[in-house]
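Read through the structure below, which is laid out as structure tokens, and then see the notes.
A short reminder: the numbers here are calculations on the coordinates, not readings from a lab. Predicted model, so just to flag it, every value in this text is computed and none were measured. Every residue, glycine among them, receives a Cβ derived from its backbone with ideal geometry; neighbour counts consider all protein chains shown.
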Amino acid sequence: MVFELPDKTKKLTGAHLSTSVKIFSAKLEAEDNDYCASKFGAVGFHESLSHELKAAEKDGIKTTLVCPYLVDTGMFRGCRIRKEIEPFLPPLKPEYCVKQAMRAILTDQPMICTPRLMYMVTFMKSILPFEAVVCMYRFLGADKCMYPFIAQRKQATNNNEAKNGM
């Protein structure tokens, strides 16, 4: 894709683009390929645009990639990591994630992973072979974290079909 930034962007100051992608979404989640692919695309577009802005010397436009861990918004209620790990990594409160994202945006931080432990996941994915990353995700339970959510959705769908006589 060829993307032409208008000349007006040279004079922009204080503009900031942010992209938010759940840390595991753009990586590996079984049973959720379409969602993961869209998030992977969002990260790719963000990185590409960030590089283009730098290359075009559009210094007035900053970018921040926001990568939170599981956020307790209700959108993916039931999404769980391995039960032995969950006490150490409970789902994050939305208010905390917003605070962290705003701090990163206001300080022109190019990327924020919340909590900080998630930086290790990103780093390990970039240096380890694919099979080692799969093992890491399996250990955390991130590879199947959507299973409980998907099961709940299927159950809700089946209950609605039964109520409607389908």
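Brief remarks on what is shown
- Calculated over the stretch 67-141: convex hull of Cα atoms, volume per residue (Å³): 97
- Charge tally in the Cβ shell below 9 Å around residue 15, where Lys, Arg are +1 and Asp, Glu are -1, residue 15 excluded: +2
- Near residue 23, the amide H atoms lying under 5 Å from its own belong to 69; only residues 5 or more places off or on other chains count, and H is placed 1.01 Å from N.
- Loop-located trypsin sites (Lys or Arg not before Pro) in the stretch 69-148, at most 13 other Cβ atoms within 10 Å (DSSP): 77, 83, 116
- Footprinting exposure proxy for 38, 18 (fewest neighbouring C-beta atoms within 10 Å first): 38, 18
- Label-point separation in nm, residue 132 to residue 37, each point 7 Å along Cα→Cβ: 2.9
- Exceedance of the 30 Å cut-off in Cα-Cα distance is limited, within the set 22/54; 99/154; 83/154; 62/154; 62/93; 62/144, to 99/154; 62/154; 62/144.
- Separation between Cα centres of the stretch 42-76 and the stretch 91-115, rounded to whole Å: 12
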